[in-house]
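The values are calculated or read from the model by the stated rules, or taken from the named source; none is laboratory data. Only a predicted model underlies this, so the values are computations on that prediction, with no experimental measurement involved. All Cβ positions, even for glycine, are placed from backbone atoms using ideal geometry, and neighbour counts span all protein chains on display. For accessibility, only protein heavy atoms count, side chains too; no ligands or nucleic acids. Shrake-Rupley method; radii C 1.70, N 1.55, O 1.52, S 1.80 Å.
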Amino acid sequence: MNKSYYLETYGCQMNVADSELIEGMLSQEGYTPIREMSKADAIFVNTCAIREHAEGKVHSRLGLFNKVKRDNPGVIIGVLGCMAQNLKDELLVNKPYVDIILGPDAYRKLPDYLRRNEKKNHIVDTKLSRFEVYDDLFPSRKQGINAWVSIMRGCDKFCTFCIVPFTRGRERSRGIDSIIAEVSQAVSDGFVEITLLGQNVNSYQYDSVGFPKLLEAVAAVEGVHRIRYTSPHPQDVTEELLDVMASHESICNSIHFPLQSGSDRILKRMNRTYTKEHFNHQVDMMREKIPHIGISTDIIVGFPGETETDFQDTLDVASQVQFDSAFTFKYSARPYTKAVEYEDQISEEEKQDRLERLILLQREHTLEKNKKTIGSIQSVLIEKESKKSTSQWAGRTDSNKWVIFPKENAAIKETVPVQILNTSGISLQGKIVHNH
């Protein structure tokens with residue numbers, strides 16, 4: 001008899017990709033996905049430990065899973081991913097109804113553990129691996145536009161605010177043949193955009209192949225319309241990489257380039273291994289080689305010891321670079337990290353105040369950048385129907401800006417020339433140009 005499972009995913013794109021991997025394994029075991037949690041034979045939550053907020057959310061979901069288990073004692077409950085790695089002892093003590101706790105390097109054993117769990121023992125496997133890259137396992141993807149392809153796992157950078165090396169282990173890259181096989185499979189499954197994923201995607205290294213060569217190999221796969229990648233580390237962005245991006249039309253002219261802080265003192269404290277000057281130099285190089293490149297970033301405010309002067313340095317870099325968009329966060333103390341030991345933690349009020357000021361500045365920059373596209377004709381990949389109207393499409397430009405435009409003789413997955421007519425904050429409005 002077919003068994004069913006219910007799976008929720010929290011956190012980064014890496015977790016989304018991991019969930020697709022898990023779904024592929026479950027489906028081979030004869031499990032089918034189900035929407036009604038209360039009717040599932042197994043309930044899984046794939047978790048994130050990057051910020052406290054994500055953990056809090058999972059704890060409240062586990063409370064709900066416990067209620068389901070009270071009504072249906074036979075259901076298997078599994079906590080997977082980074083939070084399982086990070087909080088296994090607490091889960092065992094405070095959440096005894098959780099049957100399976102698996103870290104990010106133990107998914108391969110999930111089918112075996114499910115079979116064994118019929119004996120109703122707690123199973124905990126959070127051993128980190130120096131080798132596991134899930135090379136021979138293909139994910140089960142829902143129909144869509146974009147396929148996330150994981151090219152490496154773990155991280156060796158040890159930024160002092162980041163828990164990833166402790167939850168996902170050390171950096172290791174996947175074989176190029178396996179990556180190309182997965183990309184080809186995704187294309188034959190109907191995906192038109194490929195996003196290469198890694199904790200530090202551009203420090204990929206397998207045998208003598210580095211990230212620029214891998215990018216070229218992916219661009220050579222027939223049927224790939226667009227290629228994106230995330231998230232790179234500023235230290236590893238090279239001229240060679242930018243030259244490869246500039247010379248292939250299918251590689252999108254956009255880059256996510258995490259600044260984190262504009263203060264050299266704080267960058268050093270974060271162990272980010274670059275300076276403000278180096279960061280700015282990299283941005284200049286990108287814009288010189290790829291004039292219409294879209295640049296997004298991550299910025300943390302309120303890192304321990306950050307003074308008002310340090311924060312002003314961040315605002316200065318943001319004003320100098322003028323990012324197209326930014327993901328902005330208040331510093332969140334995470335266990336095991338070095339920064340949690342710093343004694344000069346910043347108050348919540350101060351963090352909130354800085355975050356609001358940064359968001360305000362970034363909104364201005366996003367609007368400015370968007371206004372500069374008015375009148376231009378952009379190549380837009382249609383991804384979905386607009387949330388606001390069934391008569392409009394929504395899609396992204398090559399430089400990763402969302403555009404809303406009337407449907408007119410075009411379909412999802414098509415790339416169409418769109419003239420930009422207007423902008424309202426984050427998204428652009430336009431119309432398809434037929435005689436372009």
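If the reach is capped at under 21 angstrom between alpha carbons, list the lysines near K213, excluding any in the same chain fewer than eight residues apart.
K289
How far apart, in nanometres, would the label points at I359 and K213 be if each is projected 7 angstrom from Cα along the Cα-to-Cβ direction?
4.5 nm
Pull up all non-local amide H partners of I76: gap of 5 or more, or a different chain, and H-to-H distance under 5 Å with H placed in the peptide plane.
Placed amide hydrogens put A42, I43 under 5 Å from I76.
Within the set of other residues whose C-beta is less than 13 Å from the C-beta of F327, count the net charge using Lys and Arg as +1 and Asp and Glu as -1. Spell out each step's value before the answer.
On the way: positive: R51, K330; negative: D298, D324.
Neighbourhood net charge equals 0.
Suppose R0 equals 25 Å. What FRET efficiency, 1/(1 + (r/R0)^6) with r the Cβ-Cβ distance, do N422 and K289 give to the nearest 0.05?
On the way: r = 30 Å, r/R0 = 1.20.
That pair, N422 with K289, gives E of 0.25.
For M285, what accessible surface area do you get with a 1.4 Å probe? Give it in Å², rounded to 10.
M285 exposes around 30 Å² with every protein chain in place.
Hey, can you find the accessible area per residue of the chain for me, probe 1.4 Å, expressed in square angstrom? Intermediate values should be presented prior to the final figure.
Values: 19550 Å² over 436 residues.
Dividing the accessible area of the chain by its residue count gives 45 Å².
How big is the accessible area of W393 in square angstrom, nearest 10, if you roll a 1.4 angstrom probe over the protein chains?
Solvent-accessible area, nearest 10 Å²: 30 Å².
One-quarter of the Cα convex hull surface for segment 258-351, in nm²?
Average projection, Cα convex hull of segment 258-351: 6.2 nm².
Charges at C-beta only: +1 for Lys and Arg, -1 for Asp and Glu. How large is the resulting dipole of the chain about its Cα centre, in Debye rounded to 20?
Computed about the Cα centre, the dipole is about 1240 debye.
Can you give the relative contact order of segment 53-208 as a percent, counting alpha carbon pairs under 8 Å and 6+ residues apart? Numbers along the way, then the final one.
Working: 206 pairs, mean separation 31.8, N = 156.
Answer for segment 53-208 is 20 percent.
Considering only C-alpha atoms, what is the centroid distance from segment 86-129 to segment 179-203, in Å?
Taking the Cα centre of segment 179-203 as reference, the centre of segment 86-129 is 29 Å away.
Quick one: ranking K431, K276, K142, K69 by accessible area, 1.4 Å probe, largest first, what do you get? Write out the running numbers ahead of the final one.
Numbers: K431 90, K276 60, K142 130, K69 30 Å².
These residues rank, largest area first, as K142, K431, K276, K69.
Quickly estimate the mean residue ellipticity at 222 nm for the chain, helices only: each DSSP H run with n ≥ 4 gives -39500 (n - 2.57), and the total goes over all residues, rounded to 500. Write out the running numbers ahead of the final one.
Working: 12 runs with 150 residues, N = 436.
For the chain, the value works out to -11000 deg cm²/dmol.
Would you kindly state how much longer the chain becomes between T32 and V340 on full extension, computed as 0.36 nm times their sequence separation minus their alpha carbon distance, in nm to one decimal?
106.7 nm
Just want to confirm a number: the relative contact order over the chain, from Cα pairs under 8 angstrom separated by 6+ residues, in percent. Don't skip to the end; give the middle numbers.
Details: 849 pairs, mean separation 43.1, N = 436.
About 10 percent, as a whole number.
What distance in nm lies between label points placed 7 Å from Cα along the C-beta direction at D316 and A181?
5.2 nm
Can you sort Y10, Y134 by 1.4 Å-probe accessible area, starting with the largest? Display every interim value, and only then the final one.
Working: Y10 40, Y134 5 Å².
If we order Y10, Y134 from most to least accessible, we get Y10, Y134.
What part of the accessible area of the chain, given as a whole %, is carbon or sulfur when the probe is 1.4 angstrom?
Details: 9780 of 19550 Å².
Reported share for carbon and sulfur atoms: 50 percent.
Under 5 Å between amide hydrogens, which residues at least 5 positions from Y206 or on another chain qualify, with H placed 1.01 Å from N in the peptide plane?
For Y206, no residues qualify.
In the structure shown, do any of K57/K157; K276/K401; K387/K413; K276/K388 have a Cα-Cα gap over 29 Å, and if so which? Kindly include the intermediate steps, with their values, before the conclusion.
Working: K57/K157 27 Å; K276/K401 26 Å; K387/K413 17 Å; K276/K388 40 Å.
Pairs exceeding the cut-off: K276/K388.
Going by amide H atoms built from the backbone, whose H comes under 5 Å of the H on V380, apart from near neighbours?
Sorted by chain and number, the residues that satisfy this are V416, V418.
Hey, what do the phi angles of segment 4-13 turn into as Karplus ³J(HN,Hα) couplings, whole Hz, using 6.51/-1.76/1.60 and θ = phi - 60°, x for Gly and Pro?
Per-residue couplings from phi come out as 10, 9, 10, 10, 10, 10, 10, x, 7, 4 Hz.
For the chain, with the dipole built from +1 on Lys and Arg beta-carbon atoms and -1 on Asp and Glu ones, taken about the Cα centre, which of H59, V75, L259 lies farthest toward the positive end?
Going by the charge dipole, the pick is V75.
In segment 338-420, how does Rg compare with the Kirkwood Rh, expressed as the Rg/Rh ratio over alpha carbon atoms?
Working: Rg = 19.4 Å, Rh = 15.7 Å.
For segment 338-420, the value is 1.23.
At 4 °C and a viscosity of 1.567 mPa s, what translational diffusion coefficient does Stokes-Einstein give for the chain, taking Rh as the Kirkwood radius over Cα pairs? Give it in µm²/s as a whole number.
Details: Rh = 23.3 Å.
The calculation lands on 56 µm²/s.
Probe 1.4 Å, all protein chains in place: accessible area of H281 in Å², nearest 10?
Around 110 Å² of this residue is reachable by solvent.
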